[in-house]
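The values are calculated or read from the model by the stated rules, or taken from the named source; none is laboratory data. Here the structure is a predicted model, which is why all the values come from computation and not from measurement. With ideal geometry, Cβ positions are generated from the backbone for all residues, glycine too; neighbour counts draw on all protein chains shown.
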Amino acid sequence: MTETLNLTTSLKETPTMLKRDTSIGRLLLEQGKISPVDAERVLRLQKDKGIRFGDAALKLGLITDADISQVLAQQFDYPYLQAGQGDFSPKLVAAYMPFSPQVEALRALRSQLVLRWFSEHGTMIAIVATQAGDGSSHTAANLAVVFSQLGEKTLLIDANMRQPRQRELFNLQENRGLSDILAGRATKEEVIVRIESFMGLSVLGAGTLPPNPQELLSRSTFRELLAGVGNEYDIVIIDTPPADNNADFQAIVARTGGALLVSRKHKTKLADLVNLTDQIKSIGAHVVGAVLNEY
């Protein structure tokens, strides 16, 4: 009890110091990295040594370099998660490994999309692969994360109503989704899930698996939904079914006007990519670019 009272006194008696360090200190407290008693020890060492709050906490062994990196990321509006934090899939590398070569490549892709597509063609893009297993769902999910880290209000839509993946990747608890909206069983306000760990990121899952996904995607309801979210969000990324087994992707790409192709090294055939490109162009849409996954 005495130490807690001392902490309160110290907070009042050192306003200049706290003004400088309150962001890191409070974030560490909010995350449970340090206790109020720990904060008192840090403040004392900081005052004695004339060092920063984070450096003092490190010197005392209360936190790690990874803790500091995460807090700094929050201060600069660049949220990410440490291993084991959150209930998301580890395949969300943009969330768990933000400084890895894979995520650097994703950020470079993000820049190219901003310059070559979003700056001139609106807010939406479809992510399309020739076959299952090429990594289009992982690419869509991680792109959505890096756009949200840029500060863009981002919506990820899982339009693969045959074998959806986004519900698993983001551990969505809402069972309803896109199919339920298109069938008139739910509204977007009811089923779009805000991902609290990332500023500005929301996900619309595929929802109940319907017997007629292609017909649902061809309804005017889908056009109206996209028009609505296109006005509400800065970026809308749509994960589509693979192109080899159905034509669902065509109805989606026709609405977005542009597609990013995803292929897998040593698996995707060049002839299939050429055929997919021709199909997209035949419906009056653009192939914005292509991604080669090496996993």
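Based on what the data block shows, is residue 244 among the charged types (D, E, K, R), surrounded by 18 or more Cβ atoms within 10 Å (Cβ to Cβ) and closer than 20 Å to residue 135 by Cα?
Considered against the rule, which asks whether it is among the charged types (D, E, K, R), surrounded by 18 or more Cβ atoms within 10 Å (Cβ to Cβ) and closer than 20 Å to residue 135 by Cα, residue 244 comes out as no.
On the given criteria, is residue 278 in the same structural domain as residue 160 (by TED's automatic domain parsing) and part of a loop (DSSP other than H, G, I, E, B)?
So residue 278 fails the test.
Can you tell me which of (1) out of contact with any strand residue (DSSP E or B) (no Cβ under 7 Å at 6 or more places or on another chain); (2) crowded, with 21+ Cβ neighbours inside 10 Å is the one residue 131 doesn't meet?
(2)
Return the residues of segment 187-220 that are of a type in the set (A, V, I, L, M, F, W, C) and under 17 Å from the mean Cα position of the chain (by Cα); say none if nothing qualifies.
Scanning segment 187-220 gives 192, 193, 195, 198, 199, 201, 203, 204, 206.
Does residue 45 qualify as being touching a Leu at 6+ places or on another chain (Cβ under 9 Å), modelled with pLDDT of 80 or more and assigned to a loop (DSSP other than H, G, I, E, B)?
no
Return only the number of the condition from (1) over 23 Å from residue 93 (Cβ atoms); (2) touching a Ser or Thr at 6+ places or on another chain (Cβ under 9 Å); (3) modelled with pLDDT under 95; (4) of a type in the set (Gly, Ala, Ser) that residue 177 does not satisfy.
Unmet condition: (3).
Take the conditions closer than 19 Å to residue 206 by Cβ and among the charged types (D, E, K, R) and apply them to residue 239. Does it pass?
yes
Taking segment 281-295 only, how many residues are aliphatic (A, V, I, L, M) and either in contact with a Leu (Cβ under 9 Å, 6 or more places away or on another chain) or in a helix (DSSP H, G or I) (or both)?
Qualifying residue count, segment 281-295: 4.
Write out, first by first residue and then by second, each pair whose Cβ atoms fall under 8 Å of each other, whose residues are 6+ apart or on separate chains, and whose first residue, in segment 261-276, is closer than 14 Å to residue 136 by Cα while the second is of a type in the set (Phe, Trp, Tyr).
Correct list of pairs: 264/295.
Which condition number does residue 179 fail, the rest of (1) surrounded by 22 or more Cβ atoms within 10 Å (Cβ to Cβ); (2) of a type in the set (Ser, Thr, Tyr); (3) in a loop (DSSP other than H, G, I, E, B) being met?
(3)
For residues that are surrounded by 13 or more Cβ atoms within 10 Å (Cβ to Cβ) and part of a helix (DSSP H, G or I), tally how many sit in segment 182-194.
3
Return the total of residues in segment 134-174 being farther than 14 Å from residue 206 by Cα, part of a helix (DSSP H, G or I), at pLDDT 95 or above and among the polar types (S, T, N, Q).
Looking only at that region, the number is 3.
Filter segment 56-91 for residues that are at pLDDT 85 or above and within 21 Å of residue 35 (Cβ to Cβ); which is surrounded by the fewest Cβ atoms within 10 Å (Cβ to Cβ)?
61
What about residue 128, is it part of a strand (DSSP E or B) and over 14 Å from the mean Cα position of the chain (by Cα)?
Here the answer is yes, as residue 128 does meet what is asked.
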